[in-house]
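Down below is the structure, laid out as C-alpha cells.
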Amino acid sequence: MNVGGKCIWQSASGLKQLQIFFEAFKNYDEAGNQRRIQCLKYLVLANMLMESEVNPFDGQEAKPYKNDPEILAMTNLIAAYQRNEILEFEKILKSNRRTIMDDPFIRNYIEDLLKNIRTQVLLKLIKPYTRIRIPFISKELNVPEHDVEQLLVSLILDNRIQGHIDQVNRLLERFDRSKGMKKYTAVDKWNTQLKSLYQTISNRVG
C-alpha cells in the first residue's frame, strides 16, 4: 500500500478505514503480491484503533496467514489487546521490534493503542470503587502516577468518569451524577410543593 493509500486511510473514519485495508489486502493476496502481509498488519492495527471486538483473523481471507512469521506478532498483539492484558501487550511490542516497531506507520499509532488499552483496564479497575488510590492504579497499569493522572483528567473531561482527583491524598473519588440529579429533582419537587402549600394558606388567610 503506497503513501497515498495511507493518507486516504488517515482521512477516513470508522468502518471505512477497515474496508480500505481489507480491500487492499484482498487485491494483493489475489495478485500473489507480498505486500499483502503489510496490508494485513495495517488491517489489524485499524481494528485495534477502532476498539473492535472482531478478530480479523477469524475471517477466511486472513486466517491462512495467522501463523505467518511476519504476522504472528500482530496475531498475538491483537489477542492481548482484546483481552486487555497490558503487560503481555507491552512485552510483545518489546520482543518484536522488527516486525512491529520498525514499521514507521505502525509505530506512529502505538501510543494511541497503549492509551486505549490502559483506558479499558482503568475503567474496569475502578468500577467497584468510589475511592481508589492513584499509586494502586499506577501499579496495575504499569505507568508512572503522572500518566495515570493525565489519563484520569482526560476521562473526567470526556464524562467517561464522574469524579475528581484528590491531589493531597492521591485518590480518585467517584460519584454517581445520576444520584445527584435525583437528589436535586427531589429537593426541587419538595420546594415546589412548599410554595404551593404557602400559596394555598395565603389564599385562605386572605
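The values are calculated or read from the model by the stated rules, or taken from the named source; none is laboratory data. Owing to the predicted nature of the structure, the values given are computational and were not obtained by experimental measurement. Glycine also receives a Cβ, built like all others from the backbone with ideal geometry; neighbour counts cover every protein chain displayed.
Residue count for region 39-67 under the criterion of being more than 19 Å from Asn108 (Cα to Cα) and either surrounded by 14 or more Cβ atoms within 10 Å (Cβ to Cβ) or not assigned by TED's automatic domain parsing to the domain that holds Phe21 (or both): the result is 8.
Can you tell me which residue within region 102-145, out of those that are of a type in the set (A, V, I, L, M) and within 14 Å of Phe89 (Cα to Cα), is surrounded by the fewest Cβ atoms within 10 Å (Cβ to Cβ)? Don't jump to the end; show me each part of the working.
We begin by selecting, within region 102-145, every residue of a type in the set (A, V, I, L, M); these are 106, 110, 113-114, 117, 121-123, 125-126, 132, 134, 137, 141, 143.
The next check asks that each one be within 14 Å of Phe89 (Cα to Cα); those that pass are 110, 113-114, 117, 121, 141, 143.
On the way: Ile110: 13, Leu113: 19, Leu114: 18, Ile117: 22, Val121: 18, Leu141: 21, Val143: 18.
Taking the candidates together, the pick is Ile110.
Tell me, which residue of region 157-174 that is out of contact with any His (no Cβ under 9 Å at 6 or more places or on another chain) and surrounded by 13 or more Cβ atoms within 10 Å (Cβ to Cβ) is nearest to Ile126 (Cα to Cα)? Walk me through it before giving the result.
Looking only at region 157-174, we keep the residues that are out of contact with any His (no Cβ under 9 Å at 6 or more places or on another chain), and these are 157-171.
Checking the rest, the ones that are also surrounded by 13 or more Cβ atoms within 10 Å (Cβ to Cβ) come to 161-166, 170-171.
Working: Ile161: 9, Gln162: 11, Gly163: 11, His164: 13, Ile165: 13, Asp166: 15, Arg170: 14, Leu171: 11 Å.
Residue satisfying both the conditions and the ranking: Ile161.
Total residues in region 150-167 satisfying the condition of being in contact with a Leu (Cβ under 8 Å, 6 or more places away or on another chain) and of a type in the set (Val, Ile, Thr): the figure is 2.
Of the residues making up region 40-68, those that are under 15 Å from Lys26 (Cβ atoms) and among the small types (Gly, Ala, Ser) are Ala46, Gly59, Ala62.
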